[in-house]
1. Looking at segment 125-138, which of its residues are touching a strand residue (DSSP E or B) at 6+ places or on another chain (Cβ under 6 Å) and either in contact (Cβ under 8 Å) with a residue 24 or more places away in the chain or within 13 Å of residue 97 (Cβ to Cβ) (or both)?
2. Could you tell me whether residue 122 is over 27 Å from residue 21 (Cα atoms), free of Cβ contacts under 8 Å to residues at least 24 places away in the same chain and either out of contact with any helix residue (DSSP H, G or I) (no Cβ under 7 Å at 6 or more places or on another chain) or in a helix (DSSP H, G or I) (or both)?
3. What are the residues in segment 88-102 that are touching a strand residue (DSSP E or B) at 6+ places or on another chain (Cβ under 6 Å) and in contact (Cβ under 8 Å) with a residue 60 or more places away in the chain, if any?
4. Note down all Cβ pairs under 6 Å where the first residue falls in segment 11-34 and is touching a residue at least 60 places away in the same chain (Cβ under 8 Å), the second is assigned to a loop (DSSP other than H, G, I, E, B) and surrounded by 13 or more Cβ atoms within 10 Å (Cβ to Cβ), and they're at least six residues apart or on different chains.
5. Only one residue in 55, 66, 35 is under 25 Å from residue 143 (Cα atoms) and in a strand (DSSP E or B), so which one is that?
6. For residue 6, are the conditions met, namely being at pLDDT below 95, farther than 24 Å from residue 149 by Cα and within 16 Å of the chain's Cα centre (by Cα)?
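The values are calculated or read from the model by the stated rules, or taken from the named source; none is laboratory data. Just so you know, these numbers come straight off a predicted model, no measurement behind them. When we count neighbours, we look across all protein chains shown, and the Cβ atoms used for this are built from the backbone with ideal geometry, even at glycine.
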């Protein structure tokens, strides 16, 4: 289920503070209506315990994921995950998802996705996520967010 591709033309590594400008550009391209602002991204970059991973292809940041584990509940939340449109369909999103799940080491991982983002929902479903509830009017434009989760152990 959701196996990772053995031959990749990209790498997944930890994102650093100096990656913030590229992450901000990626957010604006991937989420034009919902991109995190610079202050929120800076907060994600500086908050201890937040995992920040980037996908790099040809020395360029082409994907980003951030998540946090809530230790008492052993639940991880994927805060954001995105891949530049011209790099989608190459397994980068799946690789980011699997790596952040692995590094969170949580019993369960959750995320929120736009109801209309059928491509992302299909990826999450293939990777073992299931819909658990709906957050009404979650996004700035009023669209619902679907909360999905995956039991890891």
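1. The answer is 128, 129, 138.
2. Values: over 27 Å from residue 21 (Cα atoms): yes; free of Cβ contacts under 8 Å to residues at least 24 places away in the same chain: yes; either out of contact with any helix residue (DSSP H, G or I) (no Cβ under 7 Å at 6 or more places or on another chain) or in a helix (DSSP H, G or I) (or both): yes.
Answer is yes for this residue.
3. Let us first name the residues in segment 88-102 that are touching a strand residue (DSSP E or B) at 6+ places or on another chain (Cβ under 6 Å), namely 92-93, 95-96, 99-101.
92, 95, 96, 99, listed by residue number.
4. 34/139
5. Numbers: 55 fails: under 25 Å from residue 143 (Cα atoms); 35 fails: in a strand (DSSP E or B).
After ruling out the rest, the residue left standing is 66.
6. Considered against the rule, which asks whether it is at pLDDT below 95, farther than 24 Å from residue 149 by Cα and within 16 Å of the chain's Cα centre (by Cα), residue 6 comes out as no.
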